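Only one structure is covered here, and it is reproduced in the block below.
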Amino acid sequence: MRITTLCGGVGAARMLRALLTEFPDAEHVAIVNTADDDVIGGLSISPDIDTVMYTLAGANDDERGWGLAGESWQAMEWLRRYTNSSGRHDLSWFNLGDRDLGTHLYRTSRLAEGAPLSEVTAEMVAAWGLPLLLLPVTDDPIATVLRTDRGDLAFQEYFVREQHAVEVTGVRVEGADSADPAPGVLNAIETADVVVVAPSNPIVSIGPLLAVPGIRSAVAARRSAVVAVSPIIGGKALKGPADRLLSELGHETSAVGVASIYADLAGTLVIDEIDTPLIHQVEALGLRCVATPTIMSQPGVSASLARAVIEAAL
Ligand code: FO1
């Protein structure tokens with residue numbers, strides 16, 4: 001069985017970890033959003049790729065949701081010696097842990113040599129010994145830009161610097177129109193037995209991935225094999241700004257709002273058990289709907305969710 005999962009960051013990493021644990025004999029492909037990527041202090045950062053990679057390696061900081069466990073921050077302390085003195089706080093708002101820096105140094109060096117991100121990512125995944133194909137959605141630069149009352153913000157400026165506490169009136173994905181899917185991406189969608197849309201932010205994680213030409217239509221063509229998992233539970237996102245972004249951009253902040261975004265792409269939407277009363281509204285949009293526990297930090301839920309997702313498609 002081949003399982004291809006469309007991924008953002010933390011929610012996707014947990015979903016993938018559950019899928020790999022429950023279906024160890026399947027061939028797993030993760031297609032990961034790269035529109036959060038940025039260059040910080042001259043270093044190429046790919047947060048969603050690293051969150052997935054570190055989580056599957058069991059090396060992530062599960063509580064913080066990003067970065068490595070047991071991390072230290074000496075490089076940041078030394079950086080802040082300079083930025084506190086000069087007042088250049090714009091150079092030190094994004095936290096790069098000492099261990100994490102190794103990842104960014106390797107990625108930056110290889111990209112500077114001209115290697116595509118997909119090749120560099122494969123090298124890193126091999127170094128962690130992970131049993132899956134982890135593909136950036138594209139090797140071309142794409143970037144989520146959020147329109148706010150403070151002007152246009154790059155994704156990390158919005159998410160980390162502003163702590164996503166500014167109102168968003170629009171989202172665009174720069175570079176998407178001229179991007180090509182990375183090698184293997186379309187094939188992984190076309191040949192999968194199940195395509196999972198992870199419980200990631202539909203607007204700023206899955207949205208940019210679908211904006212790369214060819215991907216939306218490839219997923220839509222597999223609609224009956226596509227199972228999406230709602231990141232909205234009881235009207236709220238477990239983590240991050242998905243709930244606020246949905247309402248700011250005119251969507252219903254519920255599993256029904258998620259269903260309306262995915263209606264032409266996914267045959268099935270898996271929603272949390274507390275949203276069981278919404279099943280009929282989801283089905284009215286033309287999707288099958290399965291309600292089950294989806295909060296993967298609770299014991300036993302990851303395993304049962306992974307099984308429910310795959311059973312829904314087969
Ligand atoms: N998230 C934060 O909230 N604060 C940070 O300082 C921060 C640093 C960081 C460094 C490397 C990395 O790979 C991710 C990092 N993240 C940080 C997480 C990241 O901004 C978001 O989790 C994703 O972009 C959203 O999916």
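The values are calculated or read from the model by the stated rules, or taken from the named source; none is laboratory data. Computed from a prediction, not measured in an experiment: that's the story for all the values here. When we count neighbours, we look across all protein chains shown, and the Cβ atoms used for this are built from the backbone with ideal geometry, even at glycine.
The table that follows gives values for the structure above.
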read-out	value
Segment 247-263 - residue that is in a loop (DSSP other than H, G, I, E, B) and touching a Leu at 6+ places or on another chain (Cβ under 6 Å) and, of those, nearest to residue 285 (Cα to Cα)	263
Hey, residue 271 under 22 Å from residue 194 (Cβ atoms), within 20 Å of the chain's Cα centre (by Cα) and not in a helix (DSSP H, G or I) or not	yes
Counted residues, segment 275-307 - those being part of a helix (DSSP H, G or I), out of contact with any Pro (no Cβ under 9 Å at 6 or more places or on another chain) and either closer than 20 Å to residue 254 by Cβ or of a type in the set (Asp, Glu) (or both)	10
Residue in segment 29-41 that is of a type in the set (Gly, Ala, Ser) and at pLDDT below 95 present	no
Number of positions in segment 6-60 that are in a loop (DSSP other than H, G, I, E, B), over 10 Å from the mean Cα position of the chain (by Cα) and either within 9 Å of the ligand (Cβ to nearest atom) or surrounded by 24 or more Cβ atoms within 10 Å (Cβ to Cβ) (or both)	2
Residue within segment 135-157 that is touching a residue at least 12 places away in the same chain (Cβ under 8 Å), part of a helix (DSSP H, G or I) and closer than 17 Å to residue 50 by Cα present	yes
Cβ-Cβ under 8 Å pairs, at least 6 apart or on other chains, segment 63-77 side free of Cβ contacts under 8 Å to residues at least 40 places away in the same chain, far side within 14 Å of the ligand (Cβ to nearest atom) and basic (Lys, Arg)	68/99; 70/99; 71/99; 72/99
Qualifying residue in segment 213-227 (condition: closer than 24 Å to residue 152 by Cα and in contact with a helix residue (DSSP H, G or I) (Cβ under 8 Å, 6 or more places away or on another chain))	yes
Tabulated pairs, segment 296-314, first closer than 14 Å to residue 17 by Cβ, second assigned to a loop (DSSP other than H, G, I, E, B), C-beta under 6 angstrom, 6+ apart or interchain	301/293; 301/295; 302/296; 305/294
Subset of segment 145-166 [loosely packed, with under 14 Cβ neighbours inside 10 Å and more than 14 Å from the ligand (Cβ to nearest atom)]	149, 150, 151, 152
Some residue of segment 256-263 being farther than 25 Å from residue 147 by Cβ and either touching a residue at least 40 places away in the same chain (Cβ under 8 Å) or buried (at least 18 other Cβ atoms within 10 Å of the Cβ) (or both)	yes
